[in-house]
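Each remark here refers to the structure printed beneath this line.
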Amino acid sequence: MKQLPFKAFVLVTAVISFTVLFGIGGTALLDPDEPVYAETAKEMIRFHEYLSPRIYNEYWYDKPPIFYWLLVASLKLFGGFSELAARIPASLMAIGAVLMTTLSAARQFSPRAGFWSGLVMGTTVMIMYMGKASVTDTTLLFFMTGALLCFMHEKYWLMYLFCGFAVMTKGPIGVVFPGAIVFFYLLVTRDLRRMLRMHVLPGLLVVAAVGLPWYGFMYQNHGMDFIYEFIGFHNISRFAAPLHPKRVHWWFYLPVIILGLFPWTGLLVKSVKDAFTKSVGRESSKLLFLQVWWIFVFVFFSIAQTKQVSYMLVLLPAFSMIIGWNIERMTCDNGKYQKGWFIGAFIMYFAMGVGWIIGGRQLPEAAAGGYVLGAATLALGAAVLFALKKYSNVEMAAWLHVVTGLVTVIIAFGVMMPQLQDRFSVKTVAHDYVAMEKDASRALYIDKFLRPGFMLYTDIPGIEADTNSEKSLDAVKRDTRPKYIVMRQFMYNKMKEKMGGEDWELLENKSGICIYRSR
């Protein structure tokens, strides 16, 4: 059996650990998603109740508990809440998913293909960003990747166990996705008989044994409220109706993939094409499964009405293994000029380099970092093109991509994000609210998307002001009590008439997140 050499495994682990862990404690949790999970874990500890999640001191039914449990363990291990404690579980799951992908690719293709698959996945913008985010997605990535890779290795019982844990991470999608991908692959390859060897019915009992006890507990204790909220809203409604109407475009995930896979995007199209046209024998079947994997994820979420950037994370192992396989294949091409890679690299490095510079100009706090990162990206892009054109050196070009990933994470998350955090986190305003002299008799309203972070950093739940709800805004207007409201400035200017805030006084403005007081 093919094994990745120990030194190569250590090198991959070191590189991806750096890209994922670098800077995870250096910025506040970003609104609205990260604070939701950390606050829920805090409230599990506060109420000594670890099965029924709460937020704002009330039960809620957004996600199953595995990620909350990981956060609880981390908060207890670190002695309480901190950004590092809140982010380390998701980061470790991201690293684990990359290492699984590395070892699997090494066994299925070759040690060198596994090595490059790990480096590709571990140095993408998507993994270095999502791997630092205290959200459920990297935990789902870990279990779903494990399930699909187990299918490829014909470890079916272990596949079902991974599916069970995926169901306990994010709901039915944990078994529906692997099941659908496997089914379509068997359908395409006309190998449905293989299902007879997969112990499907006993396997589903394993999934149920892992996942159903918690669902049964929740139904027994919370009744139909749990069913309507968790199954109805967070699963069915999110597929059928948009959570963010402005994102409902068929092409929404194209830029997500293009930007998220950088610096390897320029090699993606060539690798996908080569996997169809230049693979032979057993590896052709393996690559076809990876193609079905990414195509199903992309099509499913493109059809779904709710669009989230993080949904594309689960196709990253498939793309990474295809690219890793192709890098290994191209190293055997005897110095052949790789025209497709050259063109793709030119387009992507130029676009990203210019994009960093333009983006920096739009954000004054991060302008210097944007200029530096843009210039570095353009310089590294030129080096990649030189390696491909002048020397036809595949490994040199690939290593320059790795260097690009390392440079990106250092500048983006070591310099730019700390300077930008007040634009994306209510932390500073929340602390200032606690410290300021205020009238205790005033009601406190908080924008829905800032409320989780405000609660996390102050333990003050406030009253929700949902700017997407006419009813909620009207309730603010009809509340005759003196009040404070925490809201983004652009949203206040847009909604102030609807909530009766035309003459409210601005007390603080921190990078567009404000505290207002009614007169």
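The values are calculated or read from the model by the stated rules, or taken from the named source; none is laboratory data. Just so it is clear, the model here is predicted, and its values are computed rather than measured. Cβ sites come from the backbone with ideal geometry, for glycine too, and all protein chains shown count toward neighbours. Quick note on the areas: whole protein, heavy atoms, side chains included, nothing else; ligands and nucleic acids left out. Shrake-Rupley method; radii C 1.70, N 1.55, O 1.52, S 1.80 Å.
Mind checking the log10 I(q)/I(0) for segment 40-107 at q = 0.15, 0.21 Å⁻¹? Debye, one equal scatterer per Cα, no solvent, two decimals.
Here log10 of I(q) over I(0) equals -0.54, -0.84.
Kindly flag which residue pairs out of LYS132/LYS510; LYS270/LYS336; LYS471/LYS498; LYS2/LYS339; LYS132/LYS155 have an alpha-carbon separation exceeding 20 Å in this structure.
From the list (LYS132/LYS510; LYS270/LYS336; LYS471/LYS498; LYS2/LYS339; LYS132/LYS155), the Cα-Cα distance tops 20 Å for LYS132/LYS510; LYS2/LYS339; LYS132/LYS155.
Compute the length gained on full extension between PHE78 and THR277: take 0.36 nm times their separation in residues and subtract their Cα-Cα distance, giving the result in nm to one decimal.
66.5 nm
Looking at ALA86, PHE184, PHE226, which one has the Cα that reaches farthest to the positive end of the dipole of the chain (charges on Cβ: Lys, Arg +1; Asp, Glu -1)?
PHE184
Over segment 160-216, what relative contact order in percent results from Cα pairs under 8 Å that are six or more residues apart?
Taking the mean separation of contacting Cα pairs over the length of segment 160-216, I get 51 percent.
If you roll a 1.4 Å probe over segment 395-519 with all protein chains in place, what percent of the accessible area is carbon or sulfur?
Reported share for carbon and sulfur atoms: 51 percent.
With a 1.4 Å probe and all protein chains left in place, how much accessible area per residue does segment 1-83 have, in Å²?
44 Å²
Taking the Cβ-Cβ separation of MET224 and VAL403 as r and a Förster radius of 51 Å, what is the calculated FRET efficiency to the nearest 0.05?
Working from the Cβ atoms, E equals 0.40.
Expressed as a whole number of Å, what is the distance separating the alpha-carbon centroids of segment 448-519 and segment 201-227?
39 Å
Order of 152-160, 174-182 by packing, highest average Cβ count within 10 Å first?
The packing order, highest mean first, is 174-182, 152-160.
Compute the relative contact order of segment 307-426 as a whole-number percentage, counting only Cα pairs closer than 8 Å that sit 6 or more residues apart in sequence.
26 percent
Would you please give the residues with an amide H less than 5 Å from that of ALA443, counting only those at least 5 places away or on a separate chain, with H modeled from the backbone geometry?
Result for ALA443 returns LYS483, TYR484.
Given the Cα-Cα distance of ASN493 and HIS153 and 0.36 nm per residue of separation, how much length would full extension add, in nm?
116.7 nm
Place +1 on the Cβ of every Lys and Arg and -1 on the Cβ of every Asp and Glu in the chain, take the dipole about the Cα centre, and give the residue among GLY114, TYR156, TYR311 whose Cα lies farthest towards its positive end.
Comparing the listed Cα positions along the dipole, GLY114 ranks first.
If you plug each phi of segment 371-381 into the Karplus form 6.51 cos²θ - 1.76 cosθ + 1.60 with θ = phi - 60°, what whole-Hz ³J(HN,Hα) values come out, in order, with x for Gly and Pro?
5, 5, 5, x, 5, 5, 5, 5, 5, 5, x
Quantify, in whole percent, the carbon and sulfur part of the accessible surface of segment 51-90 (1.4 Å probe; protein heavy atoms only).
On segment 51-90, the fraction of accessible area on carbon and sulfur atoms equals 65 percent.
What list of ³J(HN,Hα) values in whole Hz, one per residue of segment 279-295 in order, does the Karplus curve 6.51 cos²θ - 1.76 cosθ + 1.60 (θ = phi - 60°) give from phi, with Gly and Pro shown as x?
8, 9, x, 5, 5, 5, 5, 5, 5, 4, 4, 5, 5, 4, 4, 6, 5
Whole-Hz Karplus ³J(HN,Hα) for segment 213-222, in order, using 6.51 cos²θ - 1.76 cosθ + 1.60 and θ = phi - 60°, x for Gly and Pro?
Values, residue by residue: x, 5, 5, x, 4, 5, 5, 4, 9, 10 Hz.
Between segment 84-119 and segment 326-345, what's the alpha-carbon centroid distance in Å?
Segment 84-119 and segment 326-345 have Cα centres spaced 24 Å from each other.
Starting from 0.36 nm per residue, how many nanometres of slack lie between ALA379 and GLN305 once their C-alpha separation is accounted for?
Taking 0.36 nm per residue and subtracting the Cα distance, the gain is 22.7 nm.
Could you compute the FRET efficiency for TRP251 and VAL176, with r as their C-beta to C-beta distance and R0 at 25 Å, rounded to 0.05?
Calculated transfer efficiency: 0.50.
Counting only heavy atoms of the protein chains, get the accessible area per residue of segment 370-503 (1.4 Å probe) and round it to a whole Å² value.
46 Å²
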